[in-house]
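This report refers to the structure that appears directly beneath it.
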Amino acid sequence: RLAGQAAAVCFGTLAHRCDVSRRTIHPILATAPHDCLRVYDVNLRDPWHDPAWIERSLAAVDVVKLNAGEVGRVAGMLGLQATDPLHFADEIESTYDVAVVCVTRGADGCLIHRGEDFADEPGAHVQVADTVGAGDSFTAALILGLTRGWTLERIARFANRVGAYVASQAGAMPELSADLLSVADS
């Protein structure tokens, strides 16, 4: 029932490691409204990934997010030709009918690609306290920007700032600063 009301559904490859969640993901995606944003955060962790499940997930989503280290691994698993982020994004979009591909690069920022449009945003450098949660917070900021119709440049800048802020704090879920919240609200 909740999926039928969702503005966005996000899942990652780690959910595939459990048979129950693996069998549940795609029916939930199918139940979500047509205008629901379906987001796949690749998140490869050995040994919990399978090329067939990755391919099935890519074919079922609008947005895929992965880190720069995962680009070559996913390309190799799926027999794709491109390994640099920009050409990889083109190939994923055309092969799997994905609308948006986001490649994160940690302190070096991110690339967000949508059709002929892309944003290549440098990172926000911070003193890292704890990287746990930084990628997930980046993904949440990406989803927020996409659901609000922001430009790719604004999304990339905001998501980088949120991910960097979380990495600069202890713990996976620090309270966001008033500065970040004001950007999200505008």
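The values are calculated or read from the model by the stated rules, or taken from the named source; none is laboratory data. Everything numeric here is computed off the predicted structure, so don't read it as measured data. Note: ideal-geometry Cβ built from the backbone for every residue, glycine included; neighbour counts use all protein chains shown. For accessibility, only protein heavy atoms count, side chains too; no ligands or nucleic acids. Shrake-Rupley method; radii C 1.70, N 1.55, O 1.52, S 1.80 Å.
Here is a yes/no grid of residues against (1) modelled with pLDDT of 95 or more; (2) under 20 Å from Tyr40 (Cα atoms); (3) of a type in the set (D, E, K, R):
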position: Leu111; (1), (2), (3): yes, yes, no
position: Thr147; (1), (2), (3): yes, yes, no
position: Ala156; (1), (2), (3): yes, yes, no
position: Ser182; (1), (2), (3): no, no, no
position: Asp185; (1), (2), (3): no, no, yes
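Can you pull out every residue in the range 104-156 that is part of a helix (DSSP H, G or I), touching a Ser or Thr at 6+ places or on another chain (Cβ under 7 Å) and over 22 Å from Glu70 (Cβ atoms)?
Matches in the range 104-156: none.
Is at least one residue of the range 42-55 closer than 27 Å to Arg148 by Cβ and not polar (S, T, N, Q)?
So in the range 42-55, the residues closer than 27 Å to Arg148 by Cβ come out as 42-43.
From what's left, not polar (S, T, N, Q): 42.
Yes, that holds for at least one residue.
Under 7 Å by Cβ, and 6 or more places apart or on different chains, what pairs join a residue from the range 11-25 that is farther than 17 Å from Leu66 by Cβ and without any contact (Cβ under 8 Å) to a residue 24 or more places away in the chain with one that is among the small types (Gly, Ala, Ser) and crowded, with 17+ Cβ neighbours inside 10 Å?
Listed pairs, sorted by first residue: Ser21/Ala15.
Which count do you get for residues in the range 162-184 that are hydrophobic (A, V, I, L, M, F, W, C), free of Cβ contacts under 8 Å to residues at least 40 places away in the same chain and not in a loop (DSSP other than H, G, I, E, B)?
6
Just to be sure before I move on: is Arg105 open to solvent by 30 Å² or more (accessible area, probe 1.4 Å) and under 30 Å from Gly4 (Cβ atoms) in the structure I sent?
Values: open to solvent by 30 Å² or more (accessible area, probe 1.4 Å): yes; under 30 Å from Gly4 (Cβ atoms): no.
No.
What is the number of the single condition among (1) of a type outside the set (Val, Ile, Thr); (2) open to solvent by 30 Å² or more (accessible area, probe 1.4 Å); (3) in a helix (DSSP H, G or I) that Ala159 does not meet?
Of everything listed in (1) of a type outside the set (Val, Ile, Thr); (2) open to solvent by 30 Å² or more (accessible area, probe 1.4 Å); (3) in a helix (DSSP H, G or I), Ala159 misses just condition (2).
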